[in-house]
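First the structure, in the form of structure tokens, and then the observations on it.
The values are calculated or read from the model by the stated rules, or taken from the named source; none is laboratory data. Small disclaimer: the values here were computed from a predicted structure and weren't measured. Note that each Cβ is placed from the backbone with ideal geometry, even for glycine, and that neighbours are counted across all protein chains shown. Please note that ligands, DNA and RNA were not included when accessible areas were found on the heavy atoms of the full protein model with its side chains. Shrake-Rupley method; radii C 1.70, N 1.55, O 1.52, S 1.80 Å.
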Amino acid sequence: MPETLGGVRGSSGARTIRSRPQAGQRLQTTVPSLVVWRETSTGVLFVRVVMVMSRVSTRGTVRVHFTFLGRYVQNDFMIDLRRLHVLRAVHQHGTVTAAAAALHLTPSAVSHQLRELARELKVSLIEPQGRGIRLTSAAHLVIEHGDALFARWEEAESALAAYRGGEAGLLRLCGFPSAVTGLIAPATALLRKRYPGLTVEVTECEAAAGFDMLMSTDADIAVLAPPDGFPHPGDSRFDQKSLVEEPFDILVPAGHPLAHREVVPLADAASEDWVLPLPDSCDHHRRVMVFCAAEGFTPRVTHHVQDWSAISAMVGHGLGVSLFPRLSEIPASHPVVRLPVTAGTPLFRRLLSCVRGGSRDHLLIRHGLEALTEVIATHPALTPDRAPVAASTVSTVGTASTA
């Protein structure tokens, strides 16, 4: 015979029954009752509640028999978003070790999270490949849907931030060096003045690291110049939008024959020595080679230097010329002149604002993007058709733009 559940009577006369019912078990009660029990499934604690009501007649209490035909059904197919985030990081970085470094975890912790996720989903997510691992087809399917899940979660956080008011909290920005000096730093100052309760953190990084920081939530907004291998615009993990087209100037030594021009056609620098980064060190070398090829020449690169200040120093000592992005600053002590440069096609690099998919409407992120837009609109070097500051004083040795 099925066991009758025991219980305790509350002060209101209702009864709370604290044992888990079994299929076919019969409950006898003469008062309204709550059946409450706790159980653990896949490491998660659930509290189940069933209300059982009885009716009281004028002649006294009526005994009610309630039979549990089956346990309360709880869908145990739940995905821990943190584990899904780990899987996405492995996909992003290619190895468990690299993913662990990006997530500030140990490799063993990453492997454990992957095993737990595979157990929850009841599919294999990784398989050996040589000395490393590779993701299975099932893992790629999970990642595809996971990107959509995270985008929806970002939208939910955006809605909650709007509900809370959005004038306090933490906003993290990152970008490449000249974007930090020319855009992110003044935008941060503007945000601190406008929203005193807002904490803004800035990190300098290169493009690839910027995407990693967005994925690991170490940054909320990244200002980047797209290099080779940039995630395509349809990548649902990121929301990428054009921020500004930054012009290039030509940098020549003070006293150089080109220094007295108001505008320099790029083809006029075909016979000059050039100072550029190494071909595989950054995207600037490739960009300059493309610009020059469009004008019918290949630059004679005699010195390979990557840092903008170092390039300026080399040019100032008469060792060559170079193309210089408008936002990059030049030390005032360098005897160089920067001039507008023309070609058959406009010479610029497109800067993007990048955020996680679904997060652009987050109120704090929207504040950050609006501040960047305001800085660009008032930046003297980025005003349409505005020449670099040094162009009006090209014959003065040591004059350099700090735009």
Scan segment 176-192 residue by residue and report those that are open to solvent by 20 Å² or more (accessible area, probe 1.4 Å) and touching a residue at least 60 places away in the same chain (Cβ under 8 Å). 177, 181, 186, 190
Would it be correct to say that residue 199 is surrounded by fewer than 18 Cβ atoms within 10 Å (Cβ to Cβ) and modelled with pLDDT of 95 or more? no
Between residues in segment 100-124 that are in contact (Cβ under 8 Å) with a residue 60 or more places away in the chain and residues that are open to solvent by less than 40 Å² (accessible area, probe 1.4 Å) and in a helix (DSSP H, G or I), which pairs lie under 6 Å by C-beta distance while being six or more apart or on different chains? 102/89; 103/89
Residues satisfying the stated conditions in segment 313-344, i.e. under 22 Å from residue 245 (Cα atoms) and not in a strand (DSSP E or B): 326, 327, 328, 329, 330, 343, 344
Would you be able to say whether some residue in segment 207-227 is among the charged types (D, E, K, R) and within 30 Å of residue 315 (Cβ to Cβ)? no
Among the residues of segment 342-359, which ones are more than 16 Å from residue 308 (Cβ to Cβ) and surrounded by 19 or more Cβ atoms within 10 Å (Cβ to Cβ)? 347, 352, 353, 354, 355, 356, 357, 358, 359
In segment 233-273, the residues that are closer than 30 Å to residue 373 by Cα and basic (Lys, Arg): 237, 241
In segment 206-261, the residues that are touching a helix residue (DSSP H, G or I) at 6+ places or on another chain (Cβ under 6 Å), in a loop (DSSP other than H, G, I, E, B) and within 23 Å of residue 189 (Cα to Cα): 219, 220
Quick one: residue 200 ticks every box in (1) within 23 Å of residue 154 (Cα to Cα); (2) touching a residue at least 60 places away in the same chain (Cβ under 8 Å); (3) touching a Phe, Trp or Tyr at 6+ places or on another chain (Cβ under 7 Å) except a single one, so which number is it? (3)
Does segment 298-312 hold any residues that are open to solvent by less than 30 Å² (accessible area, probe 1.4 Å) and in a loop (DSSP other than H, G, I, E, B), and which are they? 299, 305
Out of (1) open to solvent by 30 Å² or more (accessible area, probe 1.4 Å); (2) at pLDDT 95 or above; (3) in a loop (DSSP other than H, G, I, E, B), the odd one out for residue 370 is which? (3)
Only one of (1) open to solvent by 20 Å² or more (accessible area, probe 1.4 Å); (2) of a type outside the set (Phe, Trp, Tyr); (3) modelled with pLDDT of 90 or more fails for residue 173. Which number is that? (1)
Considering (1) touching a Ser or Thr at 6+ places or on another chain (Cβ under 7 Å); (2) at pLDDT 95 or above, say which one residue 331 fails and leave the rest. (2)
Among the residues of segment 313-333, write down those that are touching a strand residue (DSSP E or B) at 6+ places or on another chain (Cβ under 8 Å) and either of a type in the set (Asp, Glu) or surrounded by 19 or more Cβ atoms within 10 Å (Cβ to Cβ) (or both). 314, 315, 316, 320, 321, 322, 323, 324, 325, 326, 327, 330
Name the residues in segment 101-111 that are surrounded by fewer than 18 Cβ atoms within 10 Å (Cβ to Cβ) and of a type in the set (Val, Ile, Thr), would you? 106
Taking residue 239 as the residue in question, decide whether it is in contact (Cβ under 8 Å) with a residue 12 or more places away in the chain, surrounded by fewer than 18 Cβ atoms within 10 Å (Cβ to Cβ), among the charged types (D, E, K, R) and in contact with a Gly (Cβ under 9 Å, 6 or more places away or on another chain). no
Inspect all residues belonging to segment 288-298 and state whether any of them is within 19 Å of residue 176 (Cα to Cα) and either touching a strand residue (DSSP E or B) at 6+ places or on another chain (Cβ under 9 Å) or at pLDDT 95 or above (or both). yes
What are the residues in segment 112-165 that are among the polar types (S, T, N, Q) and surrounded by 17 or more Cβ atoms within 10 Å (Cβ to Cβ), if any? 113, 158
